[in-house]
Amino acid sequence: MINLIKGVVICVLSALLAQIISAYLGIFVFGFNKSPISPIIIAILIGLIINNTTNKLSHYSDGFAFCTNYILKLGIILLGIRLSLNEIALYGLKGLIIIIPCIILSIAFVTIFRNYFIISDRLSLLIAIGTSICGATAIMALAPLIKAKKEEISYAIANITIFGLLAMFIYPVIGYYILNDHSLAVGLFLGSSIHETAQVAGSGMIYAQQYSNPMVLEISTVIKLVRNTLMIVTIPLLAHLSIQTNIRNNKKTNIYSIFPYFIIGFIIFGLIRTIGDYYDYIIGIELWNNIIHIIKGLAESLLIIAMSAIGYNTTINKFKKLGLKPFYLGFLVAIMVGLVSISTIHMVGIIQ
């Protein structure tokens, strides 16, 4: 029990350090009001570096496992507080028209080409969900359901982080020239094609500052929120696909054992947010906003703690064995999502 507690404390301290580094890089180095660099990848790197430069942490593996099994799921449940039907109603329907083709085609693309790149079913599904839905959060939610290895989780998150950061800086320029500075079209493009929520916010801020169009930041953030909530449907679907693969490989898997019950908690917190927004005058708008802010901050902190645990559980030698081919696949999927987003925006007549 003592070693379990020590393992959790190590992850908590690593998460705090990751948040400090993220804020420093984003605010003082890049000059944003809020860092577009997710502390999740920093937390993983901290765990990776420390774990692979010392052999004294094996005693705390129970604490690391507790973080990846329980703290992770609690963080995902609390993330539901970000969902407000009132907030997404304005752009939600148009967003779904763009988002759904991106999700379906990206998953189909990965499923078709994973054998060509000789990538495991687990890693390919993690790349698909991370690229099509909401980056690291979706990867973390799906990973335990398909029994993904720790190095596969780290690889998938590194994959979407690298290409998401590149898109964060490049896509505002593409959106301005290809979509003619159309606020809704550019917001749809950024929100539907960039991986992480923090990266979407960073890209929206870049666009707002560069082209004096702050509405793009608002729209892209809402579209990303709509996209994030679709993991409620997509994660069980991909878990089902994993079951079918196991059946074909003569591996027995019980669907009840992998059903993401924590998603139910996610939905409950989403309903709480929606009802709270409607009746916020009862407890006071300021108090309700403070409650939302606290829960969102707690959820994000719990996820960062879980990610540091994954770093501490990952051995670089095993990571190297995966090779560069998953990065090639991730790069192609990222490009495809961007192209599908722009093509769909034009096809449905967003730009008149």
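Computed from the coordinates by the stated procedures, all read-outs in this text should not be read as laboratory data. These figures come from a predicted structure and were not determined experimentally. So basically every Cβ, Gly included, is an ideal-geometry build from the backbone, and we count neighbours across all protein chains shown.
Some notes on this structure:
- As a rough guide to protection, the peptides 171-177, 150-156 ranked by mean Cβ packing within 10 Å, highest first, stand as 150-156, 171-177.
- Peptides 122-133, 45-56 ranked from most to least packed by the mean count of surrounding Cβ atoms within 10 Å: 122-133, 45-56.
- Take the Cα of Val9, step 7 Å toward its Cβ, do the same at Tyr70, and the gap between the two points is 1.7 nm.
- Take each peptide in 2-10, 72-80, count the other Cβ atoms within 10 Å of every residue, and average; sorted highest first, the result is 72-80, 2-10.
- Kyte-Doolittle mean at least -1.0 and Cα axial length at least 30 Å: DSSP H helices in the chain: 2-23, 85-113, 150-178, 285-312, 325-347
- For the chain: rounded, prolate or oblate by the Cα gyration tensor [a/c cutoff 1.5]: rounded
- Loop-located trypsin sites (Lys or Arg not before Pro) in region 269-352 (DSSP state not H, G, I, E or B) with no more than 11 neighbouring Cβ atoms inside 10 Å: Lys321.
- In this structure, the pairs whose alpha-carbon distance is over 20 Å, taken from Lys73/Lys296; Lys94/Lys296; Lys149/Lys224; Lys150/Lys325; Lys73/Lys149, are Lys94/Lys296; Lys149/Lys224.
- Region 111-165 shape via C-alpha gyration tensor axes, a/c threshold 1.5: oblate
- Where chymotrypsin sites (Phe, Trp or Tyr not before Pro) fall in DSSP loop in region 271-347, at most 12 other Cβ within 10 Å: Tyr279
- Take every pair of alpha-carbon atoms less than 8 Å apart whose residues are at least six positions apart; their mean separation over the length of the chain yields a relative contact order of 33 percent.
- Rounded, prolate or oblate (a/c below 1.5 giving rounded, otherwise prolate when a/b exceeds b/c) for region 1-79 by Cα gyration tensor: oblate
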